[in-house]
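Below you'll find the structure, written out as structure tokens, and then a few comments.
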């Protein structure tokens, strides 16, 4: 289980949002909220940048969960996914500061708890829509 957690942390710490943003000429850490996540990528880089960041974060969580499960079953999968979230939030490449870990959490949950995530998608989408409408155009 320790190997699963270490691998999960390493996967989660890959600075995917920074890489995507820099390819598009944006530095998320010094613009907007300074957070290297999907919401800041949306504000600064637009929907396409945000979608790429979200997809990579989901992939990091899912990859950690799959790797952990392959190493030691469901418990190791959960340990790896939680460690990936920690790697995203406490990123060693950026002074142990990082994103909020929501995309990585979603990716891990999709792999480890698919029925629960299927049930949660409608409320999540509705909340996102309502929050977006509250902020205005």
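Figures for the structure shown
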{"read-out": "Most mobile listed residue (101, 72, 12) in the chain, GNM with C-alpha springs under 10 Å", "value": "72"}
{"read-out": "Separation in nanometres of the label points that stand 7 Å from Cα toward Cβ, at residue 129 and residue 59", "value": "2.9 nm"}
{"read-out": "Cβ-based exposure ranking for 60, 129, 100, in which fewest neighbours within 10 Å come first", "value": "129, 100, 60"}
{"read-out": "Residue 3-residue 120 FRET efficiency (beta carbon distance; Förster radius 35 Å; 0.05 resolution)", "value": "0.75"}
{"read-out": "Contour minus Cα-Cα distance for residue 10 and residue 31 (0.36 nm per residue)", "value": "5.0 nm"}
{"read-out": "Alpha-carbon centroids, the stretch 85-127 and the stretch 6-43: separation in whole Å", "value": "14 Å"}
{"read-out": "Largest-first ellipsoid semi-axes for the chain, taking √(5λ) over the Cα gyration tensor eigenvalues, angstrom", "value": "26, 19, 10"}
{"read-out": "At 0.890 mPa s and 25 °C, Stokes diffusion of the stretch 45-99 via Kirkwood alpha-carbon radius, µm² per second", "value": "207 µm²/s"}
{"read-out": "Structure-based [θ]222 nm, the chain - -39500 (n - 2.57) summed over DSSP H runs of at least 4, per residue, nearest 500", "value": "-25500 deg cm²/dmol"}
{"read-out": "Packing-based exposure ordering (other Cβ within 10 Å, fewest first) of 58, 115, 6", "value": "115, 6, 58"}
{"read-out": "Highest-MSF residue in the chain out of 120, 59, 50 [GNM, Cα springs under 10 Å]", "value": "120"}
{"read-out": "The chain: most fluctuating residue of 110, 102, 23 per GNM, C-alpha cutoff 10 Å", "value": "23"}
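None of the figures in this text is laboratory data; all of them are computed from the coordinates on show. Just so it is clear, the structure is predicted and the values come from calculations on it, not from any experiment. As a convention, Cβ positions derive from the backbone with ideal geometry for all residues, glycine included, and neighbour counts pool all protein chains shown.
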